[in-house]
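Novice: Before I ask anything, let me first share the structure, which is written out below as C-alpha cells.
The values are calculated or read from the model by the stated rules, or taken from the named source; none is laboratory data. Predicted model, so just to flag it, every value in this text is computed and none were measured. Glycine gets a Cβ as well: all are built from the backbone with ideal geometry, and neighbour counts include every protein chain shown.
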C-alpha cells in the first residue's frame, strides 16, 4: 500500500467512526444529538465521582414526584413522571480543550507529534487506582479499558496554541458509554469494528506529518512504565513492516516524565497512591506455603529456561498469590503495589506498604528481604550489569513493562509465560472448597437483596434509585463474616442503562429503578474464602414478549455451555460459539467475551484463561481447577440489556477417555435462581427444563438454611426456585 493510499484509507476509515462536532457550532453537531453546553466546565462524570461530590436525593425525588407527565395532566405514566431518562450523561461532560492544550504544549517540549495515554498502571493492571487514571483525566471517559491518542500538528507553529486530533480507542463493552462521555474534541475508534487499530492511526498521523515536512522524523511518545514490551515490539513491527515509508520517518520513543502527571495538578487535586497494611493469609485459605510455591516456580524456570537465575514478577495479583499476602491499594482488588525478584536463593520484595510484626517474622522465616518500592529500578540495573559479564539472563513475564526491559539494558533477558500466572489459575482442593463457601455466602446476600428490591418497588411502590440499590446490596454483604468488599463496582442498571455493558451508577446521577422495565445487576464479592462474579437480569412486572424471547435465548446459551463436555487441551477460544448459537439463529450477538478466569480472593478478572474470541486464548487450554465465568448476553441500545453470569469450576468428566485423552466438564457453583418471569418455557427442551429444575432444587437446599422462614426472602426464593 502506498503512503497516499494509506492516508486516503485513514480518512475513509475516520469518516465511518463516531466523531463529534463542536457543540457551539450546530452544523457540526451529530444528527439527533443536542448540543451540550460546555462553557468553562472542567468536571466530567469521572472527576465528579473521584471528588466525591454529592447531591440531594430527597430534593430530586420530590422534584420527580411533582414533574408533570408529557400529556400535561400530572397523572401520566410513572415512567414519564418519576423515572429518569436512563442516560449516564446527566452530569456535566468535561470540556477537555484546556487539558489537551496544556498536554500539547508539553508534547512540544519533548518534540512529539503524538502522545499515547494507556489505561494501565506500571504493573499493567486492568483496574487501577485513582492516581493512575490518567486516560480518564485527559479524555473524560471513565471505562476501565481504552487508549487515548493525542496528536500535535507539526505544521502549526503557534507554540502557545498548538492544535491536533484526539482519539479514544475502546472495545465493544464501552462503545455506548464512550459515545456519551467523550466531548467534541474526541473521535471514538471502535476496536474490532473500525478498520484501523490505534497504533495504525498514530503511525499514519505521524507519517502524514513527516511527509508534509519533507521526510523529517516524527516521534510518538509514551511513558515506558505504562506499556508492555510486547506491545512496543508489535508497535515497532507495524512501523517497520506494515507501513510503507514509515521506517526511518516515524519512531516510538519513551518519555520517562509522564506528561499527564505534569499537567494534572492545574485542573484538580492529584490523587495520591494508597499504601495500606498488608494481610497475611493462613493455610486455611491457601493450602500451599510460600516456600512450596517458590520451589514450584523455580523448578519450572530451570526446566524452561536453564540459563535464567532470576525471575522478575511485576503483576500485582501474581505477587499476592506467590507471597500469600493481600493488600488494599486498588479498590476492589486485594493487591498492593510491589515488585518481586526471585534471585537465586534470594527473594526481594519491593514495596512501601506497612506490615505488622507477625508479617515481619513471616518475612524473616522465609528469607524475604524488603526494599523500598522505587528501588526495583536500581536493582534491575545492577543485576543487568552483573549478568552481562557472566552471560546469564533474567526471566521476565510476557506482560512486563518496557521500562523493565530498558533497565535490564543489554543483559540476556528472556520473555516467558509467567509460571505464577499459570499456577495461580489452577485452584487446589482447599481453594475450591472455599470458593463453594463464598458462593453460598453471596447467594444468601443476593436473594435477600432481590427480594428486598422487589418488595420496595412493587409492594411498597417506593422510589429506589440504582445507586441506593447497589448501596443496599453492599450493606447486606457486610453482614457476612470475612466479607472484604465488592470485587468490582456494582452494575445496578434499569432500562436502557442495562444496555451499557459496564455501566455503574453514580450517587449524584443514577436513575430511579423502573419496575416496568428490565433491571440488570452484575456484582461480586471479595470474601477471604474466595471471589465471586454474578449477574442476574430481572423484571418486576410484565415483560414484553421480545424481552422474554431474548432472555430465554441468552439462558439457552448459558445452559448449553454449562452442559458441555470437552477433551483436555480445549481452550475457551474453541467453545465460545456454544453460548452464542441460539442468539446467532436470530441474528443477535453480544460485544464481549463469554467468560474470564476468577481469582481466589484476588482479582475478579484472572488470566490467562477465558472463553471468547481473543486469539491468545487458544494458547491456554482449560484445566481442572480453573474457575471461569459463563456470561452470554444481549443488549438493545436505548432500551434494555440482558446478561446471565455464573461462575463455573472445571472438573474431570469421570469415566470418559479417548485414547490417552481425558475429558473435562463444568460445574456451575453459583447459587442464584434465574428470573421466572423472563423464561419462555415453550422455547426450552426437556433437557434444559430438567437442568434448570435441578439447579433451582440445589439452590433451595443450599441457601434456605440461612434464610428466616416467613420472611420475604424465603417466599421469594421459594417462588423463584419452584419447578418449571
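Novice: Just to check your reading of the model, which residue among 382, 451 is buried (at least 16 other Cβ atoms within 10 Å of the Cβ) and part of a helix (DSSP H, G or I)? Steps first, answer last, please.
Specialist: Working: 382 fails: buried (at least 16 other Cβ atoms within 10 Å of the Cβ).
Exactly one residue qualifies, and that residue is 451.
Novice: Taking interchain pairs and intrachain pairs at least six residues apart, which have beta carbon atoms under 8 angstrom, with the first residue in the stretch 693-722 and under 22 Å from residue 438 (Cβ atoms) and the second surrounded by 13 or more Cβ atoms within 10 Å (Cβ to Cβ) and at pLDDT below 95?
Specialist: none
Novice: Return the residues of the stretch 470-503 that are over 29 Å from residue 589 (Cβ atoms), in a helix (DSSP H, G or I) and under 24 Å from the mean Cα position of the chain (by Cα); say none if nothing qualifies.
Specialist: Answer for the stretch 470-503, where residues must be over 29 Å from residue 589 (Cβ atoms), in a helix (DSSP H, G or I) and under 24 Å from the mean Cα position of the chain (by Cα): 471, 472, 473, 474, 475, 477.
Novice: Run residue 140 past the list (1) in contact with a strand residue (DSSP E or B) (Cβ under 6 Å, 6 or more places away or on another chain); (2) buried (at least 23 other Cβ atoms within 10 Å of the Cβ) and report the number of the one that doesn't hold.
Specialist: Just one mismatch for residue 140, condition (1).
Novice: Conditions: (1) surrounded by fewer than 19 Cβ atoms within 10 Å (Cβ to Cβ); (2) touching a strand residue (DSSP E or B) at 6+ places or on another chain (Cβ under 9 Å); (3) in the same structural domain as residue 354 (by TED's automatic domain parsing). Residue 292 meets all but one. Number of the miss?
Specialist: Only one criterion is unmet by residue 292, namely (2).
Novice: Look at the stretch 685-701 and say how many of its residues are over 21 Å from residue 545 (Cβ atoms), surrounded by 13 or more Cβ atoms within 10 Å (Cβ to Cβ) and out of contact with any helix residue (DSSP H, G or I) (no Cβ under 6 Å at 6 or more places or on another chain).
Specialist: From the stretch 685-701, those over 21 Å from residue 545 (Cβ atoms) are 686-687, 690-691, 693-701; that's our starting set.
From what's left, surrounded by 13 or more Cβ atoms within 10 Å (Cβ to Cβ): 690-691, 693, 695-700.
Going one step further and asking which of them are out of contact with any helix residue (DSSP H, G or I) (no Cβ under 6 Å at 6 or more places or on another chain), we end up with 690, 693, 695-700.
Total meeting the criteria: 8.
Novice: Among the residues that make up the stretch 170-180, is at least one of them at pLDDT 95 or above and buried (at least 22 other Cβ atoms within 10 Å of the Cβ)?
Specialist: Step one: filter the stretch 170-180 for residues at pLDDT 95 or above, giving 170.
In the following step, the residues that additionally are buried (at least 22 other Cβ atoms within 10 Å of the Cβ) were identified as 170.
Taking every residue of the stretch 170-180 in turn, at least one turns out to be at pLDDT 95 or above and buried (at least 22 other Cβ atoms within 10 Å of the Cβ).
Novice: Considering each of 627, 642, 609, 578 in turn, give the residue that is within 24 Å of residue 690 (Cβ to Cβ) and touching a strand residue (DSSP E or B) at 6+ places or on another chain (Cβ under 7 Å).
Specialist: On the way: 627 fails: within 24 Å of residue 690 (Cβ to Cβ); 609 fails: within 24 Å of residue 690 (Cβ to Cβ); 578 fails: touching a strand residue (DSSP E or B) at 6+ places or on another chain (Cβ under 7 Å).
Being within 24 Å of residue 690 (Cβ to Cβ) and touching a strand residue (DSSP E or B) at 6+ places or on another chain (Cβ under 7 Å) holds for just one of 627, 642, 609, 578, which is 642.
Novice: Does residue 249 count as over 22 Å from residue 350 (Cβ atoms), outside the structural domain of residue 347 (by TED's automatic domain parsing) and modelled with pLDDT of 95 or more? Steps first, please.
Specialist: Details: over 22 Å from residue 350 (Cβ atoms): yes; outside the structural domain of residue 347 (by TED's automatic domain parsing): yes; modelled with pLDDT of 95 or more: no.
Answer is no for this residue.
Novice: If residue 282 meets every condition in (1) surrounded by 14 or more Cβ atoms within 10 Å (Cβ to Cβ); (2) more than 28 Å from the chain's Cα centre (by Cα); (3) without any contact (Cβ under 8 Å) to a residue 60 or more places away in the chain apart from one, which number is that one?
Specialist: For residue 282, the failing item is (1).
Novice: Within the stretch 398-430, which residues are surrounded by 22 or more Cβ atoms within 10 Å (Cβ to Cβ) and under 13 Å from residue 599 (Cβ atoms)?
Specialist: 420, 421, 424, 425, 427
Novice: If you don't mind, another one. Would you be able to tell me the number of residues in the stretch 246-304 that are over 20 Å from residue 116 (Cβ atoms) and part of a strand (DSSP E or B)?
Specialist: Number satisfying all stated conditions: 2.
Novice: Kindly check whether there is at least one residue in the stretch 203-216 that is touching a residue at least 12 places away in the same chain (Cβ under 8 Å), farther than 19 Å from residue 251 by Cβ, assigned by TED's automatic domain parsing to the domain that holds residue 146 and assigned to a loop (DSSP other than H, G, I, E, B). Show your work before the answer.
Specialist: Let us first name the residues in the stretch 203-216 that are touching a residue at least 12 places away in the same chain (Cβ under 8 Å), namely 203-213, 215-216.
Subset that is farther than 19 Å from residue 251 by Cβ: none.
No.
Novice: Just to confirm my filter: which strands (runs of 3 or more DSSP E) fall fully inside the stretch 520-638 and include at least 1 residues that are modelled with pLDDT of 95 or more and either closer than 30 Å to residue 459 by Cα or assigned by TED's automatic domain parsing to the domain that holds residue 172 (or both)? Talk me through it step by step, then tell me what you get.
Specialist: Numbers: elements: 525-527, 534-538, 565-567, 595-597, 606-611, 627-630, 633-636.
Counting at least 1 such residues, we get 525-527, 534-538, 633-636.
Novice: While we're here: Determine whether residue 446 is crowded, with 23+ Cβ neighbours inside 10 Å and in the same structural domain as residue 340 (by TED's automatic domain parsing). Can you show your working first?
Specialist: Details: crowded, with 23+ Cβ neighbours inside 10 Å: yes; in the same structural domain as residue 340 (by TED's automatic domain parsing): no.
It is false that residue 446 is crowded, with 23+ Cβ neighbours inside 10 Å and in the same structural domain as residue 340 (by TED's automatic domain parsing).
Novice: Here is a check on your reading of the model: is residue 691 at pLDDT 95 or above and either more than 26 Å from residue 494 (Cβ to Cβ) or over 25 Å from the mean Cα position of the chain (by Cα) (or both)?
Specialist: Working: at pLDDT 95 or above: yes; either more than 26 Å from residue 494 (Cβ to Cβ) or over 25 Å from the mean Cα position of the chain (by Cα) (or both): yes.
Criteria met by residue 691.
Novice: Across the stretch 400-421, what is the total count of residues that are modelled with pLDDT under 90 and under 26 Å from residue 258 (Cβ atoms)?
Specialist: So the answer is 4.
Novice: When you check residue 682 against the structure, is it assigned by TED's automatic domain parsing to the domain that holds residue 543 and either in contact with a helix residue (DSSP H, G or I) (Cβ under 7 Å, 6 or more places away or on another chain) or crowded, with 19+ Cβ neighbours inside 10 Å (or both), yes or no?
Specialist: On the way: assigned by TED's automatic domain parsing to the domain that holds residue 543: yes; either in contact with a helix residue (DSSP H, G or I) (Cβ under 7 Å, 6 or more places away or on another chain) or crowded, with 19+ Cβ neighbours inside 10 Å (or both): no.
No, not satisfied.
Novice: Identify all residues within the stretch 104-137 that are in contact with a helix residue (DSSP H, G or I) (Cβ under 8 Å, 6 or more places away or on another chain), surrounded by fewer than 24 Cβ atoms within 10 Å (Cβ to Cβ) and in a helix (DSSP H, G or I); write none if there are none.
Specialist: Selection gives 106, 107, 130, 134.
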